[in-house]
């Protein structure tokens, strides 16, 4: 079923390393846009549409894991997700206003009418909370412009599409799994989540048994049809990723809904729109990527052993809630699926190379921006060049991309230019670094060292809480720690007295010099390496002095691999030529850093040189780094 464990906690498990359905869609929109957006994490200003879909999807998933009481008992008019969500934020429960006895499809519809107002209210509460927590908001936009009617329309759309499934299941006599449900409950390897039962974590076997409400024989009841037609959805009670992982770790995908009631499998993706946007062009590739992952993970070692697999994959659907519209996507046949999987593997390899060196960026190759009729029906393109320029116009990095159309780049630059500078040319000139700062492109990315590697190539914990392998390289009285850039990102170290470490990344952690190895690094006996310039261990660069304009803001928090909470705040600075991510962890998130705004001009002195997924990332050291801000 959908949920399988990653093959390991290795570096390919990180979102910037593996290829995902959304990453693939971004790449196919434009590889250079993917580089800026995904590889170095450049953010867009948040607008309401960016969070509406996420919260409405959560509400619908929470609604679809509802189970009704059996034997004519009245159903309270409140979805359990509402109080679950409130309690997650430390709020008290609310009480239902009415109740309904579930006896037919009409009574289910009546219950839905009762719960919609509280669903809308909780969605609005969450939207406001997320908006308030957002550091960088789109100018002129506010979450208060999202009216209740808009949210209600989206929720009603999802309910209508799901009730169609219930009605079809009822008319089909419960489908081929009816007896299995009656005898022992949900029969699937990964069951549909349910509020009445304990959540099943990825990789766990379910211990489900038959539940009250199923008949012993006879025609299917509406109670049974609802229960059988409930899809697999992401369980809101589970913090772990609920994804399909490629056995080799380089690809992963997280689906919204999977229907299995009719003896086959249909993968559905929820879209909180009518499908008229140009972004709808990515739906087919997204779902076909899921089709491929579905097939390749049926024998995945991370899947539980018990239960049924769900049957043959028979369909791919996009659920556009504003309508609603059910968009059917044709499955790829075996030959085309094999061809596409080879292409996706090639794309992933290109992704890993983008940005390893300043001049090695993914190509700028925008796809035409397509308009769509409601339901995601693409309209013909009359002017392909103009359609491509519309893709560039919406790009996160239109101001920084050397291939962006001149007018679009000029407009994007003008939005970044402070009024006192007059025009973008003055802005670019003003950003040229002055000593002691250097250009971002001059950050040392890869170097070669040689020496004797000592100590066991064994486990240690890095600053992300991941277990990586490390050792020490020694020359005379100088020694430097070497470690993997991420868990399992480098193989074994060969034996030898003097070894050459090639294409390793310099950095520092806790004020100690580090050398990071990843899949692009190599180690050879030093006597086998010729015509290579080596850096002395005592001269490895570990600091960076940079200046530029803040062009993006972001931040994350969570729990690391050891169960400890962590937080980070980020910004990206641009020096008129290149962009780099600046990150502050935990106590290094000072008030000055937190107050940074897009448009501020900054100087960052004595920042630590670090790495994230193969590309540079400079870090704030709360003791030694000096942050100077000239506000816009």
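Rule-based calculations on the coordinates, nothing more; no lab input. Everything numeric in this text was worked out from a predicted model, so none of it was measured. No Cβ is skipped: glycine too gets one built from the backbone with ideal geometry, and neighbour counts run over all protein chains shown.
In region 445-539, the inverse of the mean reciprocal separation of distinct Cα atoms equals 13.3 Å; this is its Kirkwood hydrodynamic radius.
On a 0 to 90 degree scale, rounded to 10, what angle separates helix 406-416 from the longest Cα axis of the chain? In the chain, helix 406-416 runs at an angle near 90 degrees to the longest axis. Helix 283-296 and the longest principal axis of the Cα set of the chain meet at an angle near 90°.
Dividing the alpha-carbon Rg of region 87-245 by 2.2 N^0.38 Å yields what? Don't skip to the end; give the middle numbers.
Numbers: Rg = 18.8 Å, N = 159, 2.2 N^0.38 = 15.1 Å.
Compared with the compact-globule rule of thumb, region 87-245 sits at 1.24.
Taking packing as the residue-averaged number of other Cβ atoms within 10 angstrom, the listed peptides 123-132, 239-248 run from highest to lowest as 239-248, 123-132. The Rg/Rh ratio for region 202-349 is 0.99, where Rg is the radius of gyration of the alpha carbons and Rh is the Kirkwood radius.
When the Cα convex hull of the chain is projected onto planes of every orientation, the mean area is 31.0 nm². Here region 415-487 is treated as an ellipsoid with the same Cα gyration tensor; its semi-axes, largest first and in whole Å, are 43, 17, 9. For region 147-199 versus region 202-250, the inter-centroid distance based on Cα atoms is 9 Å. With the highest mean first, a sort of the peptides 60-66, 393-399 on other beta-carbon atoms found within 10 angstrom per residue produces 60-66, 393-399. Compactness of region 129-180, taken as the C-alpha radius of gyration over 2.2 N^0.38 Å, stands at 1.98. Pairs of alpha carbons in region 177-249 separated by more than 14 Å make up 63% of all such pairs. Eigen-decomposition of the gyration tensor built on the alpha-carbon atoms of region 343-388 gives equivalent ellipsoid semi-axes of 31, 14, 8 angstrom, largest listed first.
Remark: region 543-630 is approximated by an ellipsoid whose semi-axes, taken from the C-alpha gyration tensor as √(5λ), come to 21, 14, 13 Å, largest first.
Rg and Dmax of region 315-457, based on Cα coordinates, read 22.8, 67 Å. With helices as the sole contributors, the chain gives -8500 deg cm²/dmol at 222 nm; each DSSP H run of n ≥ 4 counts as -39500 (n - 2.57), and the sum is divided by every residue.
Angle of helix 148-171 to the longest C-alpha principal axis of the chain, folded into 0 to 90 degrees and rounded to 10: 60°.
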